[in-house]
Amino acid sequence: MRIATTCTDDPHRGAWAAEHFDDWYAALAAGESHGRADPALWPPGERRAQLEHGTVDERIHLLLARGADGTPLGAGEVWLPVHDNLHLALVDVAVPVQHRRRGVGTALLRAALDVAGTAGRTRVRSTTERPVGVAAGDWPGSAAAAAWGLPVAQVAARRQLLLPPAPGLLRELERTAAARATGYAVRTWSGPVARADVDALAHLASRMSTDAPQGELSTAPEVWDAERVRAGEALRAAQGRRWWTALAVAPDGGPAGYTVLVCSRHEPRRLLQHDTLVVREHRGHRLGLLLKVACLRAALRDVPAAERVTTWNAVANAPVIAVNEAMGFRCDEVVEELEAPIERVLAALG
């Protein structure tokens with residue numbers, strides 16, 4: 001077995017992609033899709049654009065395991081934050097079912113940890129996603145994580161909203177929420193944020209790392225500025241994504257919360273819910289509901305053929321879950337967020 005690698009700042013990544021990208025993506029998608037009815041995977045066009053364009057937030061390494069005859073056996077990736085949380089490596093390993101139990105996943109994980117260790121990282125984080133109703137002990141990803149010394153640090157849930165919403169539902173939710181939000185205003189827009197609001201968006205993005213539930217994850221506060229916001233917008237555009245933002249403005253004019261919906265031209269019938277946050281000092285005014293309803297209305301005006309909205313929330317985030325369920329979201333997957341010191345995982349691997 002050999003492992004071919006590249007990363008988003010490798011000057012030869014284009015040649016790597018020409019030889020390996022299609023096999024890498026196929027192995028990743030096959031491994032992550034097995035046993036799941038509707039996996040929300042980044043389409044290949046988005047992943048290729050991410051590799052070609054690069055990102056200022058992380059350095060991303062791609063790993064492809066091939067057999068002696070060149071057969072693609074499995075895929076991995078390592079995301080290394082470059083601004084903050086410099087102790088972390090975010091790792092994903094996926095092996096198609098026909099190649100499992102042959103040491104492919106372990107080999108990919110060892111290679112990923114080598115990348116992380118070389119970069120000076122001390123902790124590794126990963127995730128597993130399994131359908132509701134399937135026990136962790138019966139799910140290959142959860143079993144592998146336990147064997148590799150990766151404990152669950154936080155449990156999240158994926159929920160989906162089938163579109164269109166029930167007639168009149170959004171209007172009624174908006175009416176009841178507005179009664180609790182006197183003095184607040186919600187604005188929506190499509191695409192890049194206006195210059196006047198970019199600092200407010202950067203502030204709210206920073207608060208995502210301090211105000212959202214983190215469980216036992218070792219997340220350190222993130223620092224965002226206008227340049228980092230603009231770099232994220234440039235990457236979305238390069239990936240063929242459209243996005244809509246709703247911003248809540250407090251009575252004193254300061255930012256109180258926001259939410260973002262994204263739609264890829266490669267998967268035009270799915271909306272992905274990205275950040276949703278109401279900062280601590282402005283909670284209790286039903287702003288989360290107002291934001292999500294307003295953002296969904298804005299997106300559906302532009303992509304009326306969308307069939308679903310997919311969102312993820314920590315199970316401890318009861319207020320946002322209540323908002324989602326009021327809108328009609330239903331849980332269909334359990335997400336385990338895993339984290340451990342790299343030394344512990346290496347010890348488990350032997």
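The values are calculated or read from the model by the stated rules, or taken from the named source; none is laboratory data. Here the structure is a predicted model, which means the values were calculated and not measured. Please note: Cβ atoms are built from the backbone with ideal geometry, for glycine as well, and neighbour counts cover all protein chains shown. Remember, those area values only see protein heavy atoms, side chains included, never the ligands or the DNA or RNA. Shrake-Rupley method; radii C 1.70, N 1.55, O 1.52, S 1.80 Å.
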Residues that are among the aromatic types (Phe, Trp, Tyr), under 16 Å from Leu108 (Cα atoms) and either free of Cβ contacts under 8 Å to residues at least 40 places away in the same chain or open to solvent by 40 Å² or more (accessible area, probe 1.4 Å) (or both): does the stretch 23-42 have at least one? no
Looking at the stretch 1-22 only, could you name the residues that are closer than 21 Å to Asp114 by Cβ and either open to solvent by less than 60 Å² (accessible area, probe 1.4 Å) or among the β-branched types (Val, Ile, Thr) (or both)? Ile3, Ala4, Thr5, Thr6, Cys7, Thr8, Asp10, Arg13, Trp16, His20
The stretch 129-152, subset assigned to a loop (DSSP other than H, G, I, E, B) and open to solvent by less than 30 Å² (accessible area, probe 1.4 Å), residue farthest from Glu333 (Cα to Cα): Gly149
Any hit, the stretch 202-210, residues being open to solvent by 30 Å² or more (accessible area, probe 1.4 Å), hydroxyl-bearing (Ser, Thr, Tyr) and closer than 30 Å to His87 by Cβ: yes
Do we find that Glu222 is open to solvent by 30 Å² or more (accessible area, probe 1.4 Å), part of a loop (DSSP other than H, G, I, E, B) and in contact with a strand residue (DSSP E or B) (Cβ under 6 Å, 6 or more places away or on another chain) in this structure? no
Unique residue being of a type outside the set (Phe, Trp, Tyr) and over 24 Å from Asp332 (Cβ atoms) when the list is Arg2, Arg47, Arg36: Arg2
Looking at Val93, Val124, Val155, can you tell me which residue is part of a strand (DSSP E or B), on the phi < 0 side of the Ramachandran plot, within 22 Å of the chain's Cα centre (by Cα) and surrounded by fewer than 21 Cβ atoms within 10 Å (Cβ to Cβ)? Val155
Only one of Glu233, Glu216 is open to solvent by less than 50 Å² (accessible area, probe 1.4 Å), of a type in the set (D, E, K, R) and touching a Pro at 6+ places or on another chain (Cβ under 9 Å). Can you tell me which? Glu233
All but one of (1) among the basic types (Lys, Arg); (2) open to solvent by less than 50 Å² (accessible area, probe 1.4 Å); (3) within 19 Å of Asp302 (Cα to Cα) hold for Arg187; state the number of the condition that does not hold. (2)
Here, helices (runs of 4 or more DSSP H) confined to the stretch 250-350 with at least 1 residues that are open to solvent by less than 70 Å² (accessible area, probe 1.4 Å) and closer than 26 Å to Val193 by Cβ are 287-302, 318-327
Qualifying residue in the stretch 160-181 (condition: under 21 Å from the mean Cα position of the chain (by Cα), of a type outside the set (Phe, Trp, Tyr) and in a helix (DSSP H, G or I)): no
Count of the stretch 66-90 residues which are over 24 Å from the mean Cα position of the chain (by Cα) and hydrophobic (A, V, I, L, M, F, W, C): 2
Checking the condition at positive phi and over 22 Å from the mean Cα position of the chain (by Cα), which residue from Gly254, Gly240, Gly284 passes? Gly284
Just to be sure before I move on: is Val229 modelled with pLDDT of 95 or more and in a strand (DSSP E or B) in the structure I sent? no
